[in-house]
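Inspection log for the structure reproduced underneath, given as structure tokens.
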Amino acid sequence: MNKFSRIGFILAAAGSAVGLGNIWRFPYITGEYGGGAFILVYLLAILFIGLTVFLAEAVIGQNGQSDVSTSFVSISKTKNQNWKFAGFMVATGLIILSFYSVVLGWILDYVITSFSDLPTEAKVAGANFEKLISDDIGSLIVYHTLIAGSVILIVLKGIKEGIEKINLILMPLLGLILIGLLVYALTLDSFSQAVSFMFTPDFSKIDGHALLAALGQAFFTLSLGVGTILTYSASLPKEANFVKSSFMVAIVDTSIALVAGLIIFSFLFAAGAESAAGPGLVFISLPVIFSGWGILGQIIAVSFFVALVFAGITSAVSMIEPSLRFFIERFKITRAKATLLCGGTFYVLGIVALLSMSKSFGAELTFFGKNAFDIMDFMSSSVMMPIAAMLICIFLGFFVEKEVLKEKFTKHTSETIFNIWYFLIRFVVPIAIIILFLNKLGAI
Ligand code: PHE
């Protein structure tokens, strides 16, 4: 049977969770929202909201042992076939993967260029980055093809031989690189500055936007709302402790985000650089700092960007798996055919995304003032993910027998934990998501 081993599941789910969201996005939004207080809110969002939805996906998946659609129907009270439409969420993973692969392509370029030359000035670094994403179509297509090709080859091999194996290799390597970078950061005087930036809360910096950013980040980083955790849990042996595994994944994911933050802020503060540089933080600010450290800087630069690629690849494979499983189970096609279909779709969408950022095709691929790349980003993380997460909560809270859920949870944990979870999933999380959703749509 094509199933994860227990440790394989934890590694693969952690591999999915730990991605560009941790090493690229978390530090820059923490920087933008001023550090400590934002991190505190983020940790609360992970614990009470992210983990709640994570457990929700895990219980549906482990119970169903099938794709998103089938698993929804099979755990529902009435077994109403209409629950199969929850399967729409697998499309979100493909959309995210389209532009995620393009961003991984940029990082591949940084791995390569870090070997030869690093920019010494922020202006040059900014211009290099701009040139890469808007002008260098040929290279971008090659990089996207390499990333997409690797993702396709990995998932083609299946859960055990493909996904579990790649995580077994890449996750420890990622851990080693991060430990190496952390040790180096520890030797810098700026390390203590990074610690106090990240762990001294200044609540004056927290407003509604910061709260919502923390919530959105909690969803994205735990890979929620696209059926990934549900689908991975469907390959978890039926008797495995999904509660413990879920907590472990959340702990690993959060620790890695914090470590990445400590590394990056130590580097930035060592050079007296801005912490609020936005998305360009790792693409523009860091290379300039590395260039000041000579050959060691080059080694650090290459390791850092390789770590990003490793983290990203293990997330990328988890974005396509829900749709593969969906086609395999619902349409009874082979994994190879499903991979061809889904892989082809995200590959083509990725080309559209990367062209839409270019000078030559940008105008044609811009609609309602947003280019195709931004539209895919917005549709997936601001519209489809919250809708799916909401659906999962309402579904489990009101359309699944409470006793069934209770029985599944209390096999592995106390009744109190179950009651807290059940309250959160029925009331707290849906309200938080509605507020997040309306805000992202610009309604509040
Ligand atoms: N959690 C991944 C990251 O932090 C992104 C992701 C989103 C992966 C949705 C799978 C599904 O980069």
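The values are calculated or read from the model by the stated rules, or taken from the named source; none is laboratory data. If you're wondering where the values come from, they're calculated on a predicted model, not measured in any experiment. Here the Cβ positions follow ideal geometry from the backbone for every residue, glycine too, while neighbour counts run over all protein chains shown.
The set of residues in segment 213-240 that are more than 9 Å from the ligand (Cβ to nearest atom) and either polar (S, T, N, Q) or outside any helix (DSSP H, G or I) (or both) comprises THR231, SER233, ALA234, SER235, LEU236, PRO237, LYS238, GLU239, ALA240. Of the residues making up segment 272-282, those that are assigned to a helix (DSSP H, G or I) and away from the ligand (no atom under 16 Å from the Cβ) number 2. In segment 222-240, the residues that are on the phi > 0 side of the Ramachandran plot form Cβ pairs under 8 Å with partners that are hydroxyl-bearing (Ser, Thr, Tyr), at six or more places apart or across chains, as follows: SER223/SER16; SER223/SER315; SER223/SER318; GLY225/THR92; GLY227/THR92.
Among the residues here, VAL53 qualifies as within 16 Å of the ligand (Cβ to nearest atom), modelled with pLDDT of 95 or more, of a type outside the set (D, E, K, R) and under 30 Å from ALA338 (Cβ atoms). Annotation note: Cβ proximity below 7 Å between a residue of segment 313-328 that is within 14 Å of the ligand (Cβ to nearest atom) and a residue that is β-branched (Val, Ile, Thr) and not in a helix (DSSP H, G or I) (sequence gap 6+ or interchain) occurs for MET319/VAL226; PRO322/VAL226. Let me confirm something: among PHE269, PHE247, PHE290, PHE265, which residue is among the aromatic types (Phe, Trp, Tyr), over 30 Å from LEU118 (Cβ atoms) and more than 16 Å from the ligand (Cβ to nearest atom)? None of the others qualify; the one that does is PHE247.
Collect the residues in segment 181-200 that are part of a helix (DSSP H, G or I) and among the aliphatic types (A, V, I, L, M), keeping them in residue-number order.
Correct list: LEU181, LEU182, VAL183, ALA185, LEU186, ALA194, VAL195, MET198.
The listed residues are PHE26, PHE48, and the only one of them that is assigned to a helix (DSSP H, G or I), more than 16 Å from the ligand (Cβ to nearest atom) and modelled with pLDDT of 95 or more turns out to be PHE48.
Every listed requirement among (1) buried (at least 23 other Cβ atoms within 10 Å of the Cβ); (2) not in a loop (DSSP other than H, G, I, E, B) is met by ALA210 save one, (1).
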